[in-house]
């Protein structure tokens, strides 16, 4: 989910905000994204933020697309908001977590003896130089609802 502030200065009228949301719905559908409905006009300017549900693993690409959509839909300068990942527990979700941290890795899923999946994630030790293993472990567990085992290799 990409969030974009579309009227941080509070310059748009309620009609402009409604028209912008309608246009954003259309534009988002054209790129396979979905806008979460929100009555922007009822919110203070600091909270006039759209939420666009998008598929992908590259945060920068998703944010760039969302910004382009908002620039086209609203007659104001949008401001990049927070990117969050919506998880369904899939290997793609795990890849998205790794991509969010900028860490490439190999993901293998196996069935555990107790019925829960075990996700083994192999990463290069050098790729964990700027992000702690525990942060990645926690994010992977939360996004996949699996036991996660991180294996570090030297090359």
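Just a few scattered comments:
- Options 61, 79, 35, 31: the member that is under 25 Å from residue 136 (Cα atoms) and within 19 Å of the chain's Cα centre (by Cα): 61
- Residues of the range 73-96 include at least one that is surrounded by fewer than 16 Cβ atoms within 10 Å (Cβ to Cβ), out of contact with any strand residue (DSSP E or B) (no Cβ under 7 Å at 6 or more places or on another chain) and modelled with pLDDT of 90 or more.
- The strands (runs of 3 or more DSSP E) located wholly in the range 55-155 that include 1 or more residues which are in contact (Cβ under 8 Å) with a residue 40 or more places away in the chain and in the same structural domain as residue 29 (by TED's automatic domain parsing) occupy 79-83.
Each row is one residue, and each column tells you yes or no for (1) surrounded by 12 or more Cβ atoms within 10 Å (Cβ to Cβ); (2) touching a strand residue (DSSP E or B) at 6+ places or on another chain (Cβ under 9 Å).
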position: 10; (1), (2): no, no
position: 15; (1), (2): no, no
position: 19; (1), (2): yes, no
position: 24; (1), (2): yes, yes
position: 34; (1), (2): yes, yes
position: 49; (1), (2): yes, yes
position: 52; (1), (2): yes, yes
position: 65; (1), (2): yes, yes
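- Counted residues, the range 36-47 - those being surrounded by 12 or more Cβ atoms within 10 Å (Cβ to Cβ) and free of Cβ contacts under 8 Å to residues at least 12 places away in the same chain: 2
- Single unsatisfied condition, residue 26 versus (1) in contact with a helix residue (DSSP H, G or I) (Cβ under 6 Å, 6 or more places away or on another chain); (2) not in a strand (DSSP E or B): (1)
- Test: residue in the range 116-126 that is modelled with pLDDT under 90 and exposed (fewer than 15 other Cβ atoms within 10 Å of the Cβ): yes
The values are calculated or read from the model by the stated rules, or taken from the named source; none is laboratory data. Keep in mind that this is a model prediction, so the values were computed, not measured. Virtual Cβ from ideal backbone geometry, glycine too; neighbours counted across all protein chains shown.
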